[in-house]
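Everything below concerns the one structure shown next.
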Amino acid sequence: MAGQTDGPPLDVVRRVADPVLANVSRAILHKDDEVRLCLVTLLCEGHLLIEDVPGVGKTMLAKALARSLDCTFRRIQFTPDLLPSDVTGVRAFNQKLGEFEFLPGPVFAQILLADEINRATPKTQSALLEAMEERQVTIDGETHGLPQPFMVMATQNPVEYSGTFPLPEAQLDRFFMKVRLGYLNASEEASLLGREKVESPFEELQPVVSPGELRAAQQAVRDVYVEPGLKAYIARLVERTRTHPEVALGASTRGTLNLFHAAQARAAILGRGYVLPDDVKSLIEPVLGHRIILRPNAEMQGSSPGRVLRQLVEREQVPQASHDV
């Protein structure tokens, strides 16, 4: 295929992807596909939302991914009484110096785990908007840059659970991807029993990737080749979400860019220097599903964003490769 081919840039990605996948999989069993989606988000410099019922390993997955990176890490437990200043920081008067000084909040970390983010009020949730989009926070008119790399990994329970607040559409759109874990089957759960008799596998995890290696891999992913026909295919799929009769609000332009970059990252993780239609198909639901709002009558009839996206993929003509791969 013309353009980017297998070579040194892919080696840079694999030197990050392979050890992180192996490390996280020691703590999160039988979820290789979901861990790979998390790694795609990491390589694309995006933010990750992990949604599922309590007790399936959402927080463990986020913590295992963070521990695999030699980055500064902070965790915030979101609760209804959490204030925006508890996230971003506050200016306080220092009596010894006789002046106000900025006390940074936990958002000033390279990896931020926002645990049960939808248990906080929308006002507190919105405290992360500027940080997620611009990698900075503004307090009392003064702007403070965040460390690089910067990634928010948030967990949330389904909105029908008591004590939760739905995330605003603007904040949902800033999450690169939403991942669901789901339950293990009986045989997979049986294999877990007894594994933590002496020590949890999570406690044994050590960093396997440095921030410099991560940054290099993030840059290399952008060099993965995408044919013009596939770029048009991605744009058509996103445009179809805006005109679908069951959809009240379709995916944004940010969603188009995210789907494009996610396909590049998936191809690189799998050892290819070029994107295939299957990369796009496998990523469309985790990348776009949380950006789509259905019409009330469609929800009442049992439709879902995932169902709509699967329909679009089935109906849209797949472009033919213009070169042999």
**Report entry** Amide H contacts under 5 Å for Leu69, placed H, 5+ residues apart
**Finding:** Val208
Report summary line: Evaluated at 10 °C and 1.306 mPa s, the Stokes-Einstein D of the stretch 222-299 based on the Kirkwood radius over Cα pairs, in µm²/s, stands at 123
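Let me know the whole percent of all Cα-Cα pairs from the stretch 10-137 that are separated by more than 22 Å. Please report the intermediate quantities before stating the final value.
On the way: 3602 of 8128 pairs.
Of the Cα pairs, 44 percent sit more than 22 Å apart.
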Requested in this report: At most 16 other Cβ atoms within 10 Å plus a DSSP loop assignment makes a site exposed; report the longest stretch of the chain without any exposed chymotrypsin sites (Phe, Trp or Tyr not before Pro).
Outcome: 1-160
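Please pull out the direction-averaged projected area of the stretch 72-138, using the convex hull of its alpha-carbon atoms, in nm² to one decimal place. Intermediate results must be reported in sequence, preceding the final value.
On the way: hull surface 20.2 nm².
Its average projected convex-hull area is 5.0 nm².
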**Report entry** Cβ-based charge dipole, the chain, positive-most Cα from Val209, Thr241, Val40
**Finding:** Thr241
Query raised in the report: Considering every Cα-Cα pair within the chain, what fraction, in whole percent, is farther apart than 28 Å?
Result: 45
Query raised in the report: Which residues' amide hydrogens lie under 5 Å from the amide hydrogen of Arg91, considering only partners 5 or more residues apart or on another chain, with H built in the peptide plane?
Result: Leu103
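Viscosity 1.306 mPa s, temperature 10 °C: what is the translational diffusion coefficient of the stretch 55-103 from Stokes-Einstein with a Kirkwood Rh over Cα pairs, rounded to a whole number of µm²/s?
Working: Rh = 13.9 Å.
In µm²/s, the coefficient is 114.
What fraction of the DSSP beta bridges in the chain is antiparallel, stated in percent and rounded to the nearest 5? Could you put the intermediate results ahead of the total?
Details: 12 of 30 bridges.
In the chain, approximately 40 percent of DSSP beta bridges are antiparallel ones.
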Query raised in the report: Average projected area of the Cα convex hull of the stretch 72-229, in nm²?
Result: 15.6
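Taking only complete DSSP H runs, can you tell me which helices of the chain stretch 27 Å or more along their own long axis by Cα positions and average at least -0.5 on the Kyte-Doolittle scale?
Working: long enough: 8-27 (30 Å, 0.22).
The answer, listed by residue number, is 8-27.
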Query raised in the report: Points 7 angstrom from Cα along the Cβ direction at Ala190 and Phe93: gap in nanometres?
Result: 6.7
Query raised in the report: Comparing Thr121, Thr72, Thr138, which has the greatest mean-square fluctuation in the GNM of the chain with Cα pairs linked when under 10 Å apart?
Result: Thr138
Query raised in the report: Within the chain, how many lysine pairs that are 8 or more places apart, or on different chains, have C-alpha atoms less than 27 Å apart?
Result: 16
Query - Cα centroid separation, the stretch 223-247 to the stretch 110-189 (Å) - result: 26
Report summary line: Here the relative contact order (percent) of the chain, from C-alpha pairs under 8 Å and at least 6 apart, is 24
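Read-outs: derived from the displayed coordinates by stated rules, not from any lab. Predicted model only: the values in this text are computed from it and were never measured. Cβ atoms come from the backbone with ideal geometry, glycine included; neighbour counts cover every protein chain shown.
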